[in-house]
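Participant: Here it is, the structure, as structure tokens.
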Amino acid sequence: MKNWLNDLRYLSGYSIAIVSYFALTFPHYFAFGTAIYAFLLIPLFEHFIPFTDKNLSVMEESNASKKSRYDYLLWLSVPIQWGIVVYFLMLVGQNSYSVLQLIGMTSAVGVCSGVLGINVAHELGHRSNKLEQFFSQMLLLSSLYLHFYVEHNHGHHRYVATPKDPATARLNEHVYVFLLRSIVGGYVSAWHIQTGILKKQHISFFSLRNTMLLFQIAQILLMVLISILFGIKATLLFIASAFVGIILLEIINYIEHYGLLRKEIKSGVYEKVQPWHSWNSDHIFGRIFLFELTRHSDHHYKASRKYQVLRHFEESPQLPSGYPAMMLLSLIPSLWFRVMNPRVQAIQTPSRNTSRDDA
């Protein structure tokens, strides 16, 4: 029983959906409840709850890797995320709300799209199982960010912590400048990657194997369907909620690699990605809430590792607070630079070799 309860702790990630349900159902009282929960209450919890850098033992890691329940916990996000989206569309399509209520309700769905949509899609998108890849794409579709599936796996993980990666924030780069560069650059990069694949395989652009083209068609058809079923107003609010989720993702990208660069061995060739090329956070509440996304150093060191067995590395640079608090801090560039720039400048490339952990 104890093991089951420990494994099911990740269900707390779905608390965001519960709070969002109340925000949508009772907007007169809780319209902004999701935003308050995610960016006020959770940072407070993380401030008072101690973080832990403890890793699983070899046996515990082996056992956890084999447990299907961890996969099921992720799969659950597909019906829940789409349930929240459809419920939102039904409400705004059939009822009248004040502008303030609509902003709060849209932000609630947007936070869900960031946490349960793109975040879980990110984890499932790294899986080799076709069903889980499909689930990843379904979640990204709910945020109109399907190109992330192509760019993240084939672009970001290849070029992270280099000037070639649009999702790696430069030292002294304002988050608002980064957002535009990362969103536009990521989309362009995804098309570049896709056309390169087609050219290499001698496949026509107008082919069912052109994933990016199919993604664009799917997103357009979704918006047409929403317009037919729920109206133009609901469609515009859906796009707005998706945009909120996208902004949350890109702010997370900003804090995950800010100022960190890999050494260029020779022109266009960089050293292997190591744990010190990503910022890490061991704040326990954020780790569970975001399905271990905050242990980002190990994720980039070995992307095939499942979320439940990601590790802490002593060599990884540590964020001074959890993700929600750091996201808020990034919105005030002067304070962000004051807190983070000294940490970036203090980082020295570790001399020890971590390849021993690659097994």
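Just so you know, all these numbers are worked out from the coordinates, no wet-lab data involved. If you're wondering where the values come from, they're calculated on a predicted model, not measured in any experiment. Using ideal geometry, Cβ is built from the backbone for each residue, glycine included, and neighbour counts are taken over all protein chains shown.
Participant: Once you have the Cα-Cα distance between I203 and R158, take 0.36 nm times their residue separation minus that, and quote the gain in nm to one decimal. Display every interim value, and only then the final one.
Facilitator: Working: separation 45, 0.36 × 45 = 16.20 nm, distance 2.33 nm.
Value of the extension gain: 13.9 nm.
Participant: Give the separation of the Cα centroids, segment 94-167 to segment 174-194, in Å.
Facilitator: Going from one Cα centre to the other spans 14 Å.
Participant: Rank these for me by crowding, H283, H192, going from fewest to most other beta carbons within 10 Å.
Facilitator: H192, H283
Participant: Right, next: Could you state the principal axis extents of the C-alpha atoms in segment 2-347, from the largest down, to the nearest angstrom?
Facilitator: 58, 56, 45
Participant: Something else: What span do the alpha-carbon atoms of segment 1-52 cover on each of the three principal axes, reported in whole Å from largest to smallest?
Facilitator: Principal extents (largest minus smallest coordinate, Cα): 40, 25, 10 Å.
Participant: Based on Cα coordinates alone, diagonalise the gyration tensor for segment 214-359, multiply each eigenvalue by 5, take square roots, and list the semi-axes in whole Å, largest first.
Facilitator: On the way: eigenvalues 239, 74, 52 Å².
Values for segment 214-359, descending: 35, 19, 16 Å.
Participant: Hey, what did the chain get for relative contact order, percent, Cα under 8 Å, at least 6 apart? Write down the numbers at each step before the final one.
Facilitator: Details: 493 pairs, mean separation 79.5, N = 359.
RCO, the chain: 22 percent.
Participant: Follow-up question, since we're still on this one. Which length gain, in nm to one decimal place, applies between E264 and V224 when the Cα-Cα distance is subtracted from 0.36 nm times their residue separation?
Facilitator: On the way: separation 40, 0.36 × 40 = 14.40 nm, distance 4.62 nm.
Value of the extension gain: 9.8 nm.
Participant: Among L248, L260, what is the fewest-to-most ranking by other Cβ atoms within 10 Å?
Facilitator: Values: L248 24, L260 20.
The most exposed by this proxy come first: L260, L248.
Participant: Just name one of I228, A35, G186: the one whose Cα is farthest towards the positive end of the charge dipole of segment 2-347 (beta-carbon charges, Lys/Arg +1, Asp/Glu -1).
Facilitator: G186
Participant: Using the Karplus curve 6.51 cos²θ - 1.76 cosθ + 1.60 with θ = phi - 60°, what ³J(HN,Hα) values do you get for each residue of segment 132-144, in whole Hz, with x for Gly and Pro?
Facilitator: Coupling constants for segment 132-144: 5, 5, 5, 4, 4, 5, 5, 5, 5, 4, 5, 10, 6 Hz.
Participant: Something else now. Report the residues of segment 134-158 in range of a label on S304: point 7 Å along Cα→C-beta, backbone N strictly under 18 Å from it.
Facilitator: Those under the cut-off are 153-155, 157-158.
Participant: For W75, W279, what ranking results if the residue with the fewest other Cβ atoms within 10 Å of its Cβ goes first?
Facilitator: Ranked by crowding around the Cβ, least crowded first: W75, W279.
Participant: While we're here: Quick one: length gained pulling H47 to K67 fully straight, 0.36 nm per residue minus the C-alpha distance? If you can, show how the numbers build up before the last one.
Facilitator: Values: separation 20, 0.36 × 20 = 7.20 nm, distance 3.12 nm.
Extra length from H47 to K67 when fully extended: 4.1 nm.
Participant: Could you work out how far apart the two model spin labels at E314 and N172 are, taking each label as a point 7 Å from the Cα in the direction of the beta carbon, and quote it in nm?
Facilitator: About 3.4 nm separates the two model spin labels.
Participant: Looking at the chain as a GNM with Cα springs under 10 Å, which of T34, T235, T52 has the largest mean-square fluctuation?
Facilitator: Judging by the Gaussian network model, the answer is T52.
Participant: What ratio of Cα Rg to 2.2 N^0.38 Å holds for segment 70-152?
Facilitator: 1.18
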